[in-house]
Amino acid sequence: MQTIDTAPQPRHLKIFQRFSIATILYTIAVIMFGAWVRVTGSGAGCGRSWPTCHGSAIPRPEAIETVIEFTHRITSGLSLILVMVMVWLAVRWFPKGHLAIKWAKLSLLFMILEALLGAGLVLFELVVDNDSVFRAFSMTAHLVNTSILMACMVCAAYWGGLHNPQPGPITRALRTGMILGMFALLITSMTGAITALGDTLYPAESSRHAISSGLQATSHFLVRLRLLHPVIALGAGSLVAIVSAGAGIRAELQSTRHWAYSVTALVLAQVLFGFANIAMSAPAWAQLVHLGMATTLWCCYISLMLHLRNLNVRA
């Protein structure tokens, strides 16, 4: 009896992976645009109304804040559509139970949660000048969900591009170091979200003013927490750079070494730019670049973890 080969064709693997990578890059841009909404104080540009804007599907652009917020909603909606297409392609091209399908569906789940968390910021008025603990907590929750979302999308792109994945050699020490590095990056990003909120609501006149105000017990908690992020970032960056460089030295495949050294270089660049950001008193453009670099670093680190776990047998 003739058997039917249900394995995905090489052409489908390439198309799916390229589409997934394009979706990831677009989503990073949307994340940066979301930060622009915060920096410009445009979070209430559509009022306390969601998903409509001032109760209208297509609002009149009476204020620049409305234009910015409504544009962000449109671009975010497109991200959701792209992930839905990614799920459709995975279900269509891969056999049932394939990891690409699993991670694509998880990407869609966390993309929906991302939209709901964004809606919560609007509906509970955790925007513009709101400096409450609830807003800080909500932003960190939003950041954690964003990180999980991006990790799922990277996993979908990775597994969707593999023809015959096989377990690769990885020591327990390296595995432990990589997992610790992942959580270190996540905690760094969480403190970074709080710092960014503090920089927006309580901008410092200079780096000296930022340090002195952060040490004062009478300062707002967002100002005092601002000093925590550079310390955590320096420690986490050192850990990730050491582990990634070590992984690159021991890696057998050229592609794995490429990811390892790319992560190490990104960590060094991010740390240097972070301190430059402090020296410049965190201008809006620098906050956006810093966030974009952090998100890119996170995606590359997840990709490195996947490459270390599996031997890459590509079509």
For the chain, averaging the sequence separation of alpha carbon pairs under 8 Å that lie six or more residues apart and dividing by its residue count, the contact order in percent is 22
For the chain, any Cys whose C-beta has no other cysteine C-beta under 4.7 angstrom counts as unpaired, and these are CYS152, CYS155, CYS299, CYS300
Quick note on PHE110, PHE221, ordering by fewest other C-beta atoms within 10 Å, gives PHE221, PHE110
Calculating semi-axes √(5λ) of the Cα gyration tensor in Å from this structure picks out, from (i) 49, 27, 14; (ii) 31, 21, 20; (iii) 36, 27, 14, entry (iii)
Amide H contacts under 5 Å for GLY41, restricted to residues at least 5 apart in sequence or on another chain and with H modeled in the peptide plane, are none
Phi-derived 3J(HN,Hα) across segment 206-213 with the Karplus relation (6.51, -1.76, 1.60, θ = phi - 60°), rounded Hz, x for Gly and Pro, is 7, 5, 5, 5, 5, 6, 5, 5
Note, segment 198-203: 3J(HN,Hα) by Karplus (6.51, -1.76, 1.60, θ = phi - 60°), whole Hz, Gly/Pro = x, goes x, 5, 6, 7, 10, x
Computed over segment 162-315, the convex hull of the Cα set has an average projected area, in nm², of 9.7
For segment 9-145, Rg(Cα) over 2.2 N^0.38 Å is 1.19
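What value, in deg cm²/dmol to 500, does the helix sum -39500 (n - 2.57) over DSSP H runs of n ≥ 4 give at 222 nm once divided by the residues of the chain?
Rounded to the nearest 500, it is -25500 deg cm²/dmol.
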Cβ-Cβ cut-off under 11 Å around ALA156, Lys and Arg +1, Asp and Glu -1: the net charge is +2
Ordered by fewest other Cβ atoms within 10 Å, a rough proxy for footprinting exposure, MET86, MET293, MET280 read MET280, MET293, MET86
Once normalised by the length of segment 9-145, the mean sequence separation of its alpha carbon contacts under 8 Å that are 6 or more apart gives a contact order in percent of 28
Along segment 79-95, Karplus-curve 3J(HN,Hα) (6.51, -1.76, 1.60; θ = phi - 60°) to the nearest Hz, with x for Gly and Pro, reads 4, 4, 5, 4, 5, 4, 5, 4, 5, 4, 5, 5, 5, 6, 9, 10, x
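Every read-out reported here was derived from the displayed coordinates using simple, explicitly stated rules and does not represent laboratory data. Every value quoted in this text rests on a predicted model; they were computed, and no experiment measured them. Note that we place each Cβ from the backbone using ideal geometry, even for glycine, and neighbour counts take in every protein chain shown.
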